[in-house]
Structure formats: C-alpha cells, structure tokens
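J.: My questions all concern the structure below.
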Amino acid sequence: MSELAERVARLRQRINYHAYRYYVLSDPEISDAEYDILFNELKRLEAQHPELITPDSPTQRTGTAPAEGFTKVTHPAPMLSLANATSPEDLRAWEQRFRKLLPPDTPVSTVVEPKIDGLTVVLHYHNGLFTLGATRGDGITGEDITANLRTIRSLPLRIPIHPDAPAAPRHLVVRGEAFMSKADFAAFQAEQAALGRHYVNPRNTAAGALRNLDPTVTASRPLDLWVYQIVVREGGPEIDDQWSALQYLRQLGFPVQHTQNRLFHDFAALVQYCQDWQSQKDSLPYEADGLVIKINSFALQEHLGYVGKDPRWAIAYKYPTPEVSTRLLDIVVEVGRTGVLTPRADLEPVTVGGVTISSATLHNADYVAEKDIRIGDTVVIRRAGDVIPRVERALPELRHGDEQPWQMPATCPACGGAVVRYEGEVAAYCENSACPAQLVRRVEFFVSRQAMDIAGFGARQAELFVQQGFIREIADIYTLHSHRQQLLDMKGYAEKKVDKLLQAIEDSKAQPAVRVLTGLSIRFVGAAVAELLLAHCGSITALATTDPQTLEQIEGIGPRIAASVHTWFSEVDNQRTFARLQQLGLTMALPAAAAAPNPALAGTSFVLTGTLPTWSRQQATEIIKAHGGKVTNAVSGKTDYLLAGDKPGSKFTKAQQLDVSILSEADLRQMLGLEEA
Ligand code: IVH
C-alpha cells in the first residue's frame with residue numbers, strides 16, 4: 001500500500017472509531033473540533049484521489065437515491081414475530097408450555113431486553129463490510145433500504161470498529177431496530193412545526209424517514225439503532241447463547257442495548273423484574289413498549305422451535321395501557337375472510353391517547369359472555385400501541401336496567417348461512433363459502449400488499465366489483481377485463497384508471513407461489529406458514545395432494561394448520577378456484593433456486609444430524625430442498641449424504657457403517673457455490 005493510501009485508511013479507521021465513541025457510546029475521546037479536522041482531511045484526500053474512496057468511508061454515508069423505488073430482498077431466515085404476555089400469570093403459563101417440551105429439571109436461563117418501539121431492520125455484512133440492509137416487510141421479504149440505513153451514524157459501515165476487537169465473521173446478518181429517540185423526535189417535531197409540518201410520534205416519523213426514496217432526506221432525520229439478534233453467521237468464535245451473542249455484537253462495534261439487558265437464571269426473579277421494570281420504561285431516552293424475554297441457550301431455542309410465526313423460546317412482555325370509559329351503543333357482527341365472525345362494539349366516540357375511537361373489538365362470543373358485556377353498558381376501552389382497541393370490561397354498577405345481553409346470532413348476518421363452532425375453538429364461523437361478505441374480504445385480502453399486491457385495488461373496489469357481480473370468486477379478478485366497458489361506465493372510473501388497474505391485475509400473474517397461497521385465505525395460513533408449506537412441498541399443486549399427517553411432520557406446522565389446509569383443498573369449489581387461477585395464467589413461481597435445481601443435489605437424499613454452525617435444521621432443510629434434494633429422517637441404504645454438525649449422535653455411526661458420504665455445513669456450502677472464493 002502506498003504511504004498515501006495507508007494514511008487514508010488510517011484516517012478512515014480513526015474517524016469511524018471516534019464516530020462510534022460519539023454516536024454509540026455517547027462517550028467521545030476527542031472534541032468535536034478535532035473530529036472535524038480529521039474528517040476534513042479525509043474529505044480533502046479523497047477529493048484529490050477518488051480512487052482511494054471505499055464504501056465504508058465515513059464520507060460516504062449519504063449516497064444517491066434509488067431511481068425506481070426499493071427492490072425486494074428475501075430474508076435469509078423468516079423474521080419471526082413474538083407472542084405477547086401481559087401479566088405475571090402469562091409469563092408463568094409460558095414457562096409451563098416450554099417446560100413441557102424439555103426434559104425435567106432442565107436449567108433454563110433467560111435474557112431480558114427492552115422491546116424498542118421502532119422498525120425492524122436486517123443488516124448484512126460480508127467480510128466486515130456493510131453490504132445490504134432491509135426492512136422486515138412481511139417477515140419473508142423486505143425492501144432494500146441500504147442507502148437510507150447507511151445514513152444512520154451508529155450503524156457500523158465496517159466491523160469490527162475497534163482494531164483490537166475480534167475479526168469480523170465472513171458473513172453476518174443481524175437484526176435490530178431503527179428508531180428515533182424521544183429527545184431527537186421532540187426537537188425535530190418542534191423544528192418541523194415551525195414550518196407547518198406535523199409529526200405525530202417517533203415511530204411513524206422513523207418509518208417515514210427510512211422509507212423515503214431520497215437518502216439525503218433520511219440523513220437529515222435523527223435516526224438511531226439497536227442491534228439485538230444474530231440471524232446468520234459464518235465464521236467467528238463459538239457462541240452458544242443470546243447473552244454471549246449480545247456481548248459479541250457489542251465487541252464488533254454494533255450499538256447494543258446494555259443498561260437494560262439482564263440475564264436471569266431464576267424464572268421467579270425474571271417475573272419480578274418484568275413487573276418492576278414498568279416504572280423505568282418512561283424514563284428511557286427512547287420509546288419501548290415492553291420487554292422481550294428470550295431463552296438464553298441456542299441449543300434450547302433450537303430444540304423448542306416455533307409455532308406458526310412465533311418462536312416458542314421468546315415472548316414479549318407488554319404493560320397495560322391507559323383506559324377510558326364510554327357507552328356501548330350496539331354490537332355488530334363482522335364477517336372475516338375465512339368466515340370468522342367477530343363481534344364489534346359500536347361506541348359513543350371517545351378519545352384515548354390522542355385518537356378518537358368509535359368502535360372496538362369484542363373478540364368472540366365467549367368473551368362477551370364471560371365478561372357479561374351488554375348493549376347499553378358503560379364499558380372500559382383500552383388501546384395499546386398500534387393494536388386494535390378492545391372493550392376491556394363493563395361497569396355493572398352504572399347500569400340502568402334496560403341493558404341488553406347479547407348472543408352470537410345463529411345465522412350469518414351477511415348471508416343467512418348457518419353459524420358453526422368447532423370443539424376447542426372460540427371462533428364462530430360462517431361456513432358458506434359463497435357468503436358475499438366473506439368474498440369481499442377474501443378479494444380485498446387477495447389483492448392487498450400482504451398477498452398479490454395489486455395497485456389501485458382496495459377494499460372499495462372489492463366491495464364494488466362483488467356487488468356488481470363482476471367477481472363471484474377470487475379467480476374472477478383475472479376476468480375483470482371482460483367487464484372493461486361496464487367499468488368505464490361507472491362514476492370515477494376513467495379510461496386511464498381502468499386500464500392501469502387491469503394492467504396491474506395482469507402483472508400480478510407473475511407473483512410467486514407464496515403470495516398466491518397466502519392470498520387464498522386458508523384458515524391459519526399466513527405468509528410465514530405458506531412459506532414453510534411451499535419449502536416442504538415444492539408447489540401449491542403438490543401441497544394440495546399432501547396428506548395432513550405428512551404436513552404435520554414439518555417443523556412449525558401443527559395438526560390445526562395441517563387439517564385446515566387439507567380441508568380447504570378437498571372442497572370442490574376451492575379446487576375449481578385453484579384450477580381456474582392456473583388456467584388464467586398465474587405462474588405461481590417458486591424462488592429462483594427452487595425453480596432451477598442445482599444438478600449437484602437433484603434427486604439426492606439427505607439426513608441431518610447434530611447442530612450446524614450457522615444454519616438451523618429448518619434452514620438447512622429449506623436450502624437442500626431449494627436445490628432439488630430431499631431430506632429424510634433416518635439413514636438408510638438410500639441416503640446419499642449425512643449433513644452432520646456438532647454432537648451428531650447415532651445417525652453418524654450408522655452413516656459410517658453404510659458408507660454414506662458425510663458433509664459439514666461448509667462442505668455443502670461449497671457444493672452449492674455458497675462459499676466465498
Ligand atoms: S426479538 C424471534 N428483541 O419487537 C425474535 N425483537 O414481535 C423476534 N423488537 O417486530 C424479535 N426490540 O422488531 C426482539 N430486543 C428485541 C426487540 C424486538 C424490539 C421488535 C421486533 C419485532 C417485535 C417482536
């Protein structure tokens with residue numbers, strides 16, 4: 001390296017380190033003026049020698065705007081969400097649930113972290129360099145907001161920050177939360193109010209800033225970051241638990257919460273901490289809507305796995321939010337897209353947390369009955385964060401005597417069809433798949449961003465097109481073009497708008513299989529479950545004929561989901577809908593890797609054993625399948641490869657006896673060309 005190049009590299013490293021002291025540790029070692037001198041020298045040298053500019057240079061935080069919106073990024077593992085606990089009892093019930101799945105007296109430590117109320121971001125580092133940052137999106141795919149994330153000063157552009165820290169792993173993907181601190185928000189809000197612009201809360205403001213198409217705008221917003229989870233890691237030291245992972249991330253120079261994080265070996269102490277922590281919540285410099293509790297050991301996490309989209313090894317603890325009372329004017333029944341009937345309270349409008357509320361959920365008939373909530377009652381309403389407001393309880397001492405008890409009607413209010421309840425389920429269903437209210441909801445969901453993402457098609461259009469008889473089932477969305485003239489005759493549907501809509505519908509035919517499957521509104525099948533099912537079965541067509549017992553074998557799929565999928569595909573109307581979607585030209589493509597199987601794995605059979613260094617069992621299975629291989633449970637003469645990790649067990653011996661090739665994760669990566677050169 002030339003002397004000049006060395007000087008530039010050294011400056012860059014020093015500046016990044018001092019920025020870290022300032023923005024992450026809030027403990028600068030040098031004055032602002034000294035920092036500026038270093039920074040200006042680097043800027044000057046880079047201007048004279050642009051060939052020396054590197055992507056991790058502190059001068060390069062604000063780049064150029066993405067020309068065409070954000071591109072989609074598929075996450076290396078689904079970004080799971082969390083189940084909630086709101087009381088000590090809930091926490092103890094959670095403990096009982098996971099204890100049942102562990103050998104008796106297994107010691108279980110837990111890590112508690114604040115639940116930061118910001119936006120999940122997924123950050124990728126290759127050989128220490130920040131290369132990609134994405135939003136959570138639907139948990140499966142997010143949006144590439146790398147340019148915007150680079151503007152966050154506490155986000156390391158290169159790790160490790162400190163030269164004495166351990167070397168960066170070859171590949172690292174971490175999850176964190178981008179947010180705006182309370183103080184920064186207040187200052188920003190005041191400054192903007194003077195310009196006549198109004199911002200309501202830090203979270204929405206941070207969200208807007210991160211999704212702004214112009215990174216210079218993002219750079220002007222005071223965003224911050226906490227990192228709390230390793231998603232993927234190749235290389236680096238052995239790490240067995242969350243607590244060590246947090247220390248490790250901090251060593252590498254990531255901003256990691258440390259004043260509020262705690263490690264507990266005793267569950268009762270943890271419960272106590274959660275109860276007591278509420279008093280600290282409001283004095284934090286940023287908004288937190290509760291705590292996240294994670295089982296510390298990665299081995300136990302792996303063992304417990306997850307149900308649907310929630311891990312069994314973690315839970316969110318949330319605190320009760322303010323309550324107000326108002327009059328319950330009426331109870332109306334709403335019909336959902338899968339036929340679920342939900343009682344909704346019509347309320348005398350009331351303000352909670354700055355928002356006026358005139359309706360709230362009552363969940364289900366049991367809830368109304370247990371709480372003896374009557375029409376005409378004065379009721380207590382609670383609204384927590386973004387959550388739909390709900391009726392908490394009635395105040396019977398304020399009754400006049402003319403309040404009316406309520407029951408779930410025996411017939412669907414929309415179609416008059418029979419209302420059914422299944423044993424063990426609280427939900428009541430309208431079982432009429434031709435119910436117009438269900439159809440409107442299904443269409444609305446099918447075209448929504450969560451499923452086929454058809455622009456210009458929303459609730460209003462769904463309602464109108466069903467009402468006009470243009471759409472009698474989901475597949476009719478793709479024959480809407482045959483009603484073009486009728487559409488043009490309607491008020492508010494000019495030619496340009498209609499053609500744009502029809503084009504958007506046409507374009508959506510290329511959406512991947514996972515979106516189609518999600519869009520079908522099969523009970524209990526959201527995006528995360530759809531992804532799992534497809535990873536296992538390969539296609540919707542194959543899924544349709546897979547028996548429920550086989551589906552239940554998939555990690556994350558229980559009997560309820562398996563039965564629901566099976567029932568859906570056994571109904572003639574549904575079979576017809578699906579067949580029509582195929583005939584009408586939906587491609588239902590699988591992810592690129594699956595569509596073009598790697599010849600190295602096509603037709604091969606794998607068995608997995610032991611703990612792999614970075615992939616979970618689930619991930620390894622998905623990767624093998626995506627490359628054309630299959631995964632079975634037991635080693636036999638038909639097994640081609642044993643993918644073995646740490647503590648392999650009896651399958652290993654068996655494989656040796658049968659002369660089955662044994663691969664490590666690294667070997668497999670190499671076979672698939674996933675290893676770096
Ligand atoms: S862990 C499986 N830790 O809370 C791991 N999440 O539903 C799931 N969040 O949207 C996430 N602070 O964005 C985790 N310390 C923390 C968190 C945290 C905030 C958010 C996260 C997610 C939601 C959980």
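No value in this document is a laboratory result; all are computed from the given coordinates. These numbers come from a predicted model, not from an experiment. Neighbour counts run over all protein chains shown; Cβ positions are idealised from the backbone, glycine included.
J.: Pop a pseudo-label 7 angstrom from the Cα along the beta-carbon direction at both A165 and H49 and give the gap in nm to one decimal.
T.: 2.6 nm
J.: What is the order of V426, V271, V380, V447, fewest Cβ neighbours within 10 Å to most?
T.: Numbers: V426 11, V271 22, V380 15, V447 26.
Neighbour counts put them in this order, fewest first: V426, V380, V271, V447.
J.: Ranked by Cβ crowding within 10 angstrom, fewest neighbours first, how are T110, T342 ordered? Working shown, then result.
T.: Values: T110 26, T342 18.
Neighbour counts put them in this order, fewest first: T342, T110.
J.: Can you give me the relative contact order of the chain as a percent, contacts being Cα pairs under 8 Å and 6 or more apart?
T.: That works out to 9 percent.
J.: Name the GluC sites (Glu not before Pro) in the range 199-301 that are in a loop by DSSP and that have at most 15 other C-beta atoms within 10 Å, would you?
T.: When the GluC sites (Glu not before Pro) of the range 199-301 are filtered for loop state and at most 15 Cβ neighbours within 10 Å, E238 remain.
J.: Can you show me the helix-derived [θ] at 222 nm for the chain, built from DSSP H runs with n ≥ 4 at -39,500 (n - 2.57) apiece and divided by the number of residues, rounded to the nearest 500.
T.: After summing the helix terms and dividing by the residues of the chain, the value is -10500 deg cm²/dmol.
J.: What is the set of long-range amide H partners of G556 at a cut-off below 5 Å, with H atoms built 1.01 Å from backbone N?
T.: Y306
J.: Have a look at the DSSP beta bridges in the chain and tell me what percent are antiparallel, nearest 5.
T.: Details: 75 of 89 bridges.
Bridges in the chain are about 85 percent antiparallel.
J.: Which parts of the range 440-478 would a label at K496 reach, counting a residue when its backbone N lies under 20 Å from a point 7 Å out along Cα-to-Cβ?
T.: Output list for this probe position: 455-458.
J.: How about the range 536-642: which GluC sites (Glu not before Pro) there lie in a loop by DSSP and see at most 15 other Cβ atoms within 10 Å?
T.: When the GluC sites (Glu not before Pro) of the range 536-642 are filtered for loop state and at most 15 Cβ neighbours within 10 Å, E555, E571 remain.
J.: Using a 7 Å offset from the Cα along the Cα-to-Cβ direction at both E552 and S358, what is the distance between the two label points in nm, to one decimal?
T.: Placing both labels 7 Å beyond Cα along the Cβ direction yields 4.8 nm.
J.: Evaluate 2.2 N^0.38 Å with N set to the residue count of the range 291-405, then give the Cα radius of gyration divided by it.
T.: Compactness ratio reported: 1.35.
J.: So if each residue of separation counts as 0.36 nm, and I subtract the Cα-Cα distance between T351 and Q96, what length gain in nm does that give?
T.: In short, 87.9 nm is gained.
J.: So, one more: For the range 418-481, what is the relative contact order in percent, using Cα pairs closer than 8 Å and at least 6 residues apart in sequence?
T.: 23 percent
J.: Mind sorting R158, R262 by how few other Cβ atoms lie within 10 Å of their own Cβ, fewest first?
T.: R262, R158
J.: If pairing requires two Cys Cβ atoms under 4.7 Å apart, which cysteines of the chain are left without a partner?
T.: Lone cysteines by the Cβ rule: C274, C537.
J.: Also: Which of the three applies to the range 347-461, rounded, prolate or oblate, going by the alpha-carbon gyration tensor with a ≥ b ≥ c and a/c under 1.5 meaning rounded?
T.: On the way: a/c = 2.36, a/b = 1.34, b/c = 1.76.
Note, shape of the range 347-461 comes out oblate.
J.: Taking the Cα centre of the range 113-165 as the origin and placing charges on Cβ (Lys, Arg +1; Asp, Glu -1), which of I152, V122, G139 is farthest toward the positive end of the dipole?
T.: The residue sitting most towards the positive pole is I152.
J.: Of I161, A245, Q192, whose Cα points farthest to the positive end of the dipole of the range 103-250 (charges on the beta-carbon: +1 Lys, Arg; -1 Asp, Glu; origin at the Cα centre)?
T.: About the Cα centre, the residue reaching furthest to the positive side is Q192.
J.: List the trypsin sites (Lys or Arg not before Pro) within the range 559-662 that fall in a DSSP loop (any state other than H, G, I, E or B) and whose Cβ has at most 13 other Cβ atoms within 10 Å. Could you put the intermediate results ahead of the total?
T.: Numbers: sites: R560, R576, R580, R617, K625, K630, K638, K651, K654; in loops: K638.
Hits after loop and neighbour filter: K638.
J.: Can you pull the three principal axis extents for the Cα set of the range 471-610, in Å, largest first?
T.: Sorted largest first, the three principal extents are 64, 34, 22 Å.
J.: For a protection proxy built on the mean count of beta-carbon atoms within 10 angstrom, sort 181-189, 203-211 highest first, please. Don't jump to the answer; show the numbers that get you there.
T.: Working: 181-189: 16.3, 203-211: 19.0.
In decreasing order of mean packing, 181-189, 203-211 become 203-211, 181-189.
J.: With the calculation restricted to Cα positions, what are the radius of gyration and Dmax of the range 1-88 in angstrom?
T.: Spelled out, the Cα radius of gyration and Dmax of the range 1-88 are 19.5, 63 Å.
J.: Debye calculation, C-alpha points only, no solvent: report log10 I(q)/I(0) for the chain at q = 0.06, 0.07 Å⁻¹, in the same order as the q values.
T.: Reported log10 I(q)/I(0), two decimals: -0.41, -0.56.
J.: I want to verify the translational diffusion coefficient of the range 519-677 in µm²/s; compute it with Stokes-Einstein, Rh as the Kirkwood radius over Cα pairs, at 20 °C and 1.002 mPa s. If you can, show how the numbers build up before the last one.
T.: Working: Rh = 17.1 Å.
Value of D from the Cα-based Kirkwood radius: 125 µm²/s.
J.: In vacuo Debye scattering of the range 598-661, one point per C-alpha: log10 I(q)/I(0) at q = 0.12 Å⁻¹?
T.: Normalising to I(0) and taking log10 leaves -0.26.
J.: Now for a different question. Once Lys and Arg get +1 and Asp and Glu get -1 on their Cβ, which of A410, L398, I381 lies farthest toward the positive end of the dipole of the range 348-418?
T.: I381
J.: Right, something else. Pull out a ≥ b ≥ c, the square roots of the eigenvalues of the alpha-carbon gyration tensor of the range 179-295, then state rounded if a/c is under 1.5, prolate if not and a/b is larger than b/c, and oblate in the remaining case.
T.: Working: a/c = 3.24, a/b = 1.53, b/c = 2.12.
Judged from the Cα gyration tensor, the range 179-295 comes out oblate (a/c at least 1.5, b/c at or above a/b).
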